[in-house]
Structures are given as C-alpha cells and as structure tokens.
1. Rank these residues by their accessible area, most exposed first, probe 1.4 Å: B:53, A:8.
2. So how much slack lies between residue A:294 and residue A:258, counting 0.36 nm per residue of separation and subtracting their Cα-Cα distance, in nm?
3. Quick one: what are the phi-derived ³J(HN,Hα) couplings along segment B:294-311, Karplus 6.51/-1.76/1.60 with θ = phi - 60°, whole Hz, x for glycine and proline?
4. Work out which residues of segment B:37-52 lose at minimum 50 square angstrom of accessible surface when the other protein chains are put back, relative to the chain isolated, with a 1.4 angstrom probe, and list them by number.
5. Which residues among segment B:230-246 fall inside the zone where the amide N is under 12 Å from a point 7 Å beyond the Cα of residue B:199, along Cα→Cβ?
6. Counting only DSSP beta bridges with both residues in the protein assembly as shown, tell me the antiparallel percent, nearest 5.
7. Using only the heavy atoms of the protein chains and a 1.4 Å probe, how would B:39, B:265 rank by accessible area, largest first?
8. What are the ³J(HN,Hα) couplings of segment B:29-45, residue after residue, when phi is run through the Karplus curve with 6.51, -1.76, 1.60 and θ = phi - 60°? Round to Hz, x for glycine and proline.
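The values are calculated or read from the model by the stated rules, or taken from the named source; none is laboratory data. Predicted model, so just to flag it, every value in this text is computed and none were measured. A quick note on method: Cβ atoms are made from the backbone with ideal geometry, for glycine too, and the neighbour counts reach across all protein chains shown. Heavy atoms of the whole protein, side chains included, go into the accessibility calculation; ligands, DNA and RNA do not. Shrake-Rupley method; radii C 1.70, N 1.55, O 1.52, S 1.80 Å.
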Number of protein chains: 2
Amino acid sequence: MARAVGVTPATVSYALNGLPGVSEELRDQIKAVADEMGFRPSRLAVGLRLGRTNTLGLLLPDVANPFYPELASGVIEGASAEGMQVFVAQVGLDGRDHASAVSALVDSHCEGLLFTAVLPHDIPMLTDLRARGVPFGLINRRIEGLDADWVGIDDFAAARELTSLVLEGRQSVAVFGGPERSSVSAGRAAGARAALAAAGRTPLPDGMVGDLTRESGVERARALFDARGPVDLVVCGNDVIALGVMDVCHERGLAVPDDVAVTGFDDMSFASAGPLRLTTVEVPRHEMGRQAVAGLRRRMLGFTGEPQVVELPYTVRRRNTA
Amino acid sequence: MARAVGVTPATVSYALNGLPGVSEELRDQIKAVADEMGFRPSRLAVGLRLGRTNTLGLLLPDVANPFYPELASGVIEGASAEGMQVFVAQVGLDGRDHASAVSALVDSHCEGLLFTAVLPHDIPMLTDLRARGVPFGLINRRIEGLDADWVGIDDFAAARELTSLVLEGRQSVAVFGGPERSSVSAGRAAGARAALAAAGRTPLPDGMVGDLTRESGVERARALFDARGPVDLVVCGNDVIALGVMDVCHERGLAVPDDVAVTGFDDMSFASAGPLRLTTVEVPRHEMGRQAVAGLRRRMLGFTGEPQVVELPYTVRRRNTA
DNA sequence: CTGAAAGCGCTTACAG
DNA sequence: CTGAAAGCGCTTACAG
C-alpha cells in the first residue's frame, strides 16, 4: 500500500489517521489509493501496537431461554454503534465454564467483559479480573458483596406490584421462583412474598425454588396440584415457567385464570400468543444490553469512579391469565 | 515471563508449544512458572505472527425471530470445542449492513465467516470475499448461482410432506410464505404448492409473500378472512407467522383446527405452548450451527474441494392445530 | 540443547 | 513536511 503511493508506511498511517505532518494533497492521494485498493488497517496489528482492540466479550448462559438473545442484541447493537466488536461466549446455566470462557476472552485482549448470569461462586473469578485491570459489567443478575457496574430492573418492586395487582380474591398462592442464588430470582420471589405479606398472607411452601425452564414449571405444577389440588394463583419467576404451569392446567382441565391464575415475568414475545395472553412484567432486555455497553465503554475509556448502578423502568402487563 | 525463568522468549515459546529443542527439565520448569504467573500467550501477537487467529465471524439478522439464537448457539458451541472464538455481528433482516459488518469482521482477521440470511443481492459481496481468500459458509438460506458450502434442510420436501399430511378434507388453502428472495421461504412455499398440486388443487393467491413476523401473520390473516371468510387451512412459512394467524382466529372466534387449520415451520419452543400445540416441522437449528462450523473449519485448514452441501434431517410434528 | 535475529502490520516519537 | 527507527508480543528458521 505504501509502495503503491511511493511513501513510507508511516506517512500512510499519518494520512489515514488524520494526523498533522502530511500535506493535504498527499493525504487525499493516499486516501484515494486506499479506497481503491480496499486497504484497511489490520485490527490485529493496531491492537498489538496500541494495546486497544475495540473488542468486548459477552458471556451468555445457554440460549434455551429467549431472554438472553434479546439482551445480546442490545449489546451487539450498542457495541457496533461505537465501532466495537463482540466476542460471544457461552457458559453453562449455572455459570460452569465461566473461568475458561473468561480466560479465552482475556487472551484475545477483550477490553471489557459483560456478564449476564453471575452467581456468588463467581466472585473469585471477578476479583481476579479486576486485579488484572479488565473492566467488566453485570447485566440482570448481580452478586451481594461485589461492587460492580450493573444494569437491570428493580425485580423486587416489579414482582410486588404484579402480585398485588392480581391478588384480589385469590386465597391459596404458590410462588414458583428460579434458582436460589440468582439475585434476580431471589428479588422476584421476595417481591411476591412482600405483596402477600401486605395482604396478610403467606405463600404455599411448594416449589419455591427451581430451574427457569418449562419442564421445571411442569414438574412443580404437577407436584403442587397433586399435593393440594388446584391453587388459586401461581406467581412464576419467568414466562417460561408460567408456560409449563399452564401446560399442566391444560392437561388437567383447569381453566386459566378462572380455576388457576398464572403470572409470568419478562414478557417474552410468545407470552401473548393467541388465547394465551400472559399477565407479566415487561423487562427492557434490549435496552439493558445497550446501557451495559455504554457503561463498559466509559470504563474502557478510563473512568474509575464508583460502581454505576442503572435501574431501568419496567412495565407490568396485565393480560388475561391473572 | 522469560526473564522470570532466566531464558529468552524463544525458549519459552518452544517449551510452551512443545517443540523440540528444549530439555524436559527446563520445559517443566517453564510450564510451572507459566502456570504460576497465569501467563497466557497473547492471541493478538500470535495471530499477527502466524496469520491464524482462530476466530470466526457469524452474521445474524435481527433476533426477534428465535430461530437464529439457537443456530448461533450451535455455532458458538462448535467453535468453542475447536478452541475458536466467535465474533457475532448483526445485520438487518434484509441483509442491510452485510457489507460493513463483513469488512469489520475481515479487518479483525476472522479466518472464516458464517452467513445465516443471504439474499441474491449479496452475491457481489460474497464473490469479493472469495477473491480475498476468506472462506465462508451459508446456513439455512442459500443463493442460486453461487456455489458455496451450505448447511440446511430440504425445505421443499419438508413443506410438501407437512402439507400433504394435513390436507385431507381441507378445500380452501392459503400459503403464507416468507420473503420472496429467501431460498428457504421459496422452498417451503413451493413444497406446499406441490402438495396441493398433487391433490389437484391450487392455493389461494392471498398473502403468499410477506415478512416472517407475527405482525405479518396478523395482517395477512385479517386481509384473507375479510376477503374470503374463514379458509380451511393456512400453511405458514414459519411458526411466528402461524402465531399471528392464530391471533386472528382467536380474535374472530374461529376455532383451530376445526374452523381453520394452521401449520407452522421450525418448531420453536413456544410452538407447543399450553393449548396451542402447533403442527410444524422441527428444524435442527443447533446441529445446523455445529455442522456449519465443522465445514468452515475444514476450509480454514486448507480444504479446497467442491462446495459441500449438508442436508440435515427434519421431523414433521403433527400436533393439534392441523 | 540454547540464544540472537528477523518479521507479522501497524503507530509514534524522533531526526532531517 | 517527510523518512528512518523502534517496538507492541509473539514464532521460527538460523547460528552457535
């Protein structure tokens, strides 16, 4: 490329990066030739030289839960708008493989990492990351005892609001939460309990903890109905669990919401499919991704202030399942 | 790192890469120190030196359609199993931004690219890519007139099989396909038509082409029912369209499948939600991703044979909507 | 068996 | 205003 114009690589670099020290005429000529040849600087070489790669890493748990792809979409879109590229790595639902995924990402000189499913046992890995000076942010889940940038919603308040809204006239209430150690699931379950407590009630002890899957919803609903017959209301930790609960209602001939009311959480696209129009909380997944990138970007640019906590607005959607 | 052991970087490189020319004793010592210090070679430097980055790029259209995340999951999993990392880039539904996404990926020295939503107008971009020696593969959609590695299913046969299966007793049949230029949508629509033709029938001309979205399903169903009243069967280009059609059936008090039968395509997880149990075709999305990586990997390793076409098995799932 | 040197493709002080 | 040189962190022929 340099040879084509008859100058040194240095001059090309100056010209293309708009630095002073090269005449306008020559600059234009170099730019023209670069365009013509389709010359583009190697990001590898630039990264190595500058120590800045414009790359970030995103860690996602498995994709059976459509929550994550939409979050990822926000991250990729936000990154792309800033000229950054995104390595996406996949980790187990329980955060298995976090460590190896992280080291692969760090080896590739990601300038920042975004985590979407942290659990308490990830603390050593994260403090190690911090010690190595790699900025990171948490999306959705957070960890008690680890101050870090975080983007999410107030799951407690949202669950309390949703539950209060549908509680009227419902006596026996089950809360089908998610994994015990997930801050998000814990917040949602606590919010539901708080709403019940405000009405002077306590939830049934059945099925409070479990996976955020449809199968888990099915299993827990079967066990619950076997043990207690149809209950009045099942508050679910996410829409997917709610789907499983409604599968069981259907299988046992129970009408939703007349016999059993059901609420979800997240407002996935399928939550309002056909006759099934789930009462749930809309979580701004895409925006969470964008905001997380914005925060990480600031860190990458050297911001060293206090951990930033971004709590986004949610929307309770009352439809026809509760 | 080299200094810590008191040898040159060269010796460290030899030791860590298991090359001959360094005593076992020294090798062990170097490995021990490397582990202790958490030393990991910079992928940037290795990439620059070797011209091999162990990185691939995946281009996805927007994620509203849950088809793609599961495909992406297969790609990421397959790549990870081979020690490769994946840059994920997002392009518009109609392949807008393909060119700029591709050049960003190429700048980052991706050794191969995987496309999931190519259209005929992408041909120049792809031939240019080939001219530059960057291997690529197509998943799901392909393009007539461009020989390239491809992984997918036989959409024509699957749609024909599905349609024949549910055709009995259904007189007026609409086919709600996807975008005209998508090979996948075209194949599915043609398969449905072939099944109809075999029964001596032709589809209604309404709504044959449209987006693969729920909104499009809603709009087309409304227009169809307005024009012709309830039809006997609507064959949809994917599950999401089918969802929209069933929304309209519900809104107009039409029973599925008694008044209107509906079929989908893809078998997304929500396709069998509660009372809604869509008759559809299961597409092995995850496996498509894995196979595409395997094929691309061979190319990256220098395989230059004929374009490889991998047609994966599908499964027709007859449930209760048709 | 080990060390010194060149080079991957850039950028950036530093001389001219 | 332009060119020669060093260096980012590695790997790999090439001498010793």
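1. Output order, biggest surface exposure first: A:8, B:53.
2. Stretched out fully, the residue A:294 to residue A:258 stretch lengthens by 8.5 nm.
3. 4, x, 5, 4, 4, 4, 4, 7, x, 5, 10, x, 3, x, 9, 10, 10, 9
4. B:40, B:43, B:44, B:48
5. The answer is B:232-235.
6. The antiparallel proportion sits near 10 percent.
7. Listed by decreasing accessible area, they come as B:39, B:265.
8. 4, 5, 4, 4, 4, 4, 4, 4, 7, x, 6, 9, x, 6, 5, 5, 5
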